[in-house]
1. Would you check if there is a residue in the stretch 68-76 being among the basic types (Lys, Arg) and touching a Pro at 6+ places or on another chain (Cβ under 8 Å)?
2. Run down ASP322, ASP329 and say which single residue is of a type in the set (D, E, K, R) and touching a Gly at 6+ places or on another chain (Cβ under 6 Å).
3. From the list ALA52, ALA36, pick out the single residue that is closer than 20 Å to GLU79 by Cα, in contact with a Pro (Cβ under 7 Å, 6 or more places away or on another chain) and of a type in the set (A, V, I, L, M).
4. Select from the stretch 49-77 the residues that are free of Cβ contacts under 8 Å to residues at least 24 places away in the same chain and surrounded by fewer than 20 Cβ atoms within 10 Å (Cβ to Cβ) and list them in ascending order.
5. Considering only residues that are aromatic (Phe, Trp, Tyr) and closer than 23 Å to ALA52 by Cβ, which ones fall in the stretch 120-171?
6. Any residue in the stretch 90-98 that is open to solvent by 40 Å² or more (accessible area, probe 1.4 Å), of a type in the set (A, V, I, L, M) and in contact with a Lys or Arg (Cβ under 8 Å, 6 or more places away or on another chain)?
7. Taking the stretch 343-358, which residues are without any contact (Cβ under 8 Å) to a residue 24 or more places away in the chain and on the phi > 0 side of the Ramachandran plot?
8. Looking only at the stretch 310-345, which residues are more than 27 Å from HIS163 (Cα to Cα), among the aliphatic types (A, V, I, L, M) and open to solvent by less than 60 Å² (accessible area, probe 1.4 Å)?
Amino acid sequence: MSNPRIVIVGAGFGGIAAAIELQKHGFDELTLLEAAPEIGGTWFHNTYPGAACDVPSQLYSFSFAQRRDWPRLCPRQEEILVYLRQVARDFGVAEQVVCGTRVSACRWSDADQAWTVATRSGATYTADALILATGQLHQPSFPRVEGAESFAGHSFHSARWDHDYPLAGKRVAVVGTGASAVQFVPEIVEEVAHLTVFQRTGNWFMPRKNRPYPRVVRAAVQTVPGLQSARRAFWFHYGELLTFAIRHPGTVGKVVHQASTAFMRWQLEDPVVREQVWPDYTFGCKRVLFGSNFLPALQREHVELVTDAVAGMAREGVVTADGRLHPVDCVIWGTGFKTNDFMFPMEITGSEGRSLREVWAGGAPRPPRPHRSRISLDVRHVRAEHEHLRRLDHHLPGGAGPLRPPSPAGAAPPRSGRDRRPSRGRGRQRPRAPSSLRRHRLDAVRLVVPRRQRPHRRQLAGLHARVPQGHRDPRSW
């Protein structure tokens, strides 16, 4: 077939990586549609004070476009944005991005064997292949709070920070203590008159100072051969160690758990705050947070930590479940994102008119697997996507043929890596079950637990009532 037309929705890390890899293999009919005014994805929207990545810069970057002059271990939002845009320009992707274009619907035509991509502005694009790189951290999540419309003060979500609203001298409430709040609370604590932090669940912490590199270190990275690769390998294996510790809480996990415990006890000098903050679950059951400034900020004299649930809002402030009113001038919602709606509100209609919204009404399908740390998950996701595109060999909908660039006249079509791999005399092999199903079994709440973690099954039993009836059987995932 002729060179296929490909539309990529989203111009963040995923969309840019997809475009670069496709270009390497000869696909040049590319169009990237980005809703924001500029390239950047989640790093364009999240501009709250202290916004940075938890993953070391040596890993949070493309393997084919390593940057040697990162100013610190974990890059800040503005540094990541500069890097991503530079990569897009260097690889000729920037000119293929159409910014300020929000996609409203993607419809597949069985008759035309093509996608029609409609935008809110009325423009349409036709594509033989469609890649959705919308990410999961771009739709802010607001909790349903009774009386929210009656609040007379100011409010905004951390992912849509209102830089025009002055916080100096204000009574500020922060709802949520996740990864974003851990970063921006220490940045605003010196500025506000009083800070009330509403926490639902405590977190396990590991240290992270993230100071700028000394000049000699930055010079060494740029001039010493192999130093950048060595640092990248070190941080990769460090992340893998954390993953291994979380998956094996009875052995290596105990060591990392004790390290986190010692760090938190050292930082939490106030016994009352320590009791409020301390998590009531096993290390690694939720995302482990990295930060050395958040816990000390909670112990400031003008800071109050509230662990009672937010029950509603009044004109003067926030009302908790114990009936107490917390007067505030501004509410900052640090309540995360709608991670299950990462492609919506786009309407995506496939073959025979099937709607993805209806097919995924119970949530996007996913195989059962053990928990992984966020560091390894972020890195592996980018690497897996890059590898998948590198080996792109799937068929277009409707059997239109392999998605490959056209071969020169008379040339044999390229074979995939699987076709070239020697059989080593093993003959035909039977397909093997996924390793997670070979090595693990289901517990009482239908969650996958390694055999060596069977003593921890009772800790999960309480989750049974919280799992929707239709999702308790992994076969429905």
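The values are calculated or read from the model by the stated rules, or taken from the named source; none is laboratory data. Source: prediction; values computed, not measured. Cβ sites come from the backbone with ideal geometry, for glycine too, and all protein chains shown count toward neighbours. Quick note on the areas: whole protein, heavy atoms, side chains included, nothing else; ligands and nucleic acids left out. Shrake-Rupley method; radii C 1.70, N 1.55, O 1.52, S 1.80 Å.
1. Looking through the stretch 68-76, at least one residue is among the basic types (Lys, Arg) and touching a Pro at 6+ places or on another chain (Cβ under 8 Å).
2. Working: ASP322 fails: touching a Gly at 6+ places or on another chain (Cβ under 6 Å).
Only one candidate passes the filter, namely ASP329.
3. Working: ALA36 fails: in contact with a Pro (Cβ under 7 Å, 6 or more places away or on another chain).
Matching residue, one of ALA52, ALA36: ALA52.
4. ARG67
5. Step one: filter the stretch 120-171 for residues aromatic (Phe, Trp, Tyr), giving 125, 142, 151, 156, 161, 165.
PHE156, TRP161, TYR165, listed by residue number.
6. First, the residues of the stretch 90-98 that are open to solvent by 40 Å² or more (accessible area, probe 1.4 Å): 90-91, 95, 98.
Within this subset, residues satisfying the condition of being of a type in the set (A, V, I, L, M) are 98.
Adding the requirement that they be in contact with a Lys or Arg (Cβ under 8 Å, 6 or more places away or on another chain) leaves none.
No; the residues of the stretch 90-98 include none that is open to solvent by 40 Å² or more (accessible area, probe 1.4 Å), of a type in the set (A, V, I, L, M) and in contact with a Lys or Arg (Cβ under 8 Å, 6 or more places away or on another chain).
7. Answer for the stretch 343-358, where residues must be without any contact (Cβ under 8 Å) to a residue 24 or more places away in the chain and on the phi > 0 side of the Ramachandran plot: just GLY353.
8. Listed by number, the residues that qualify are ALA311, MET343.
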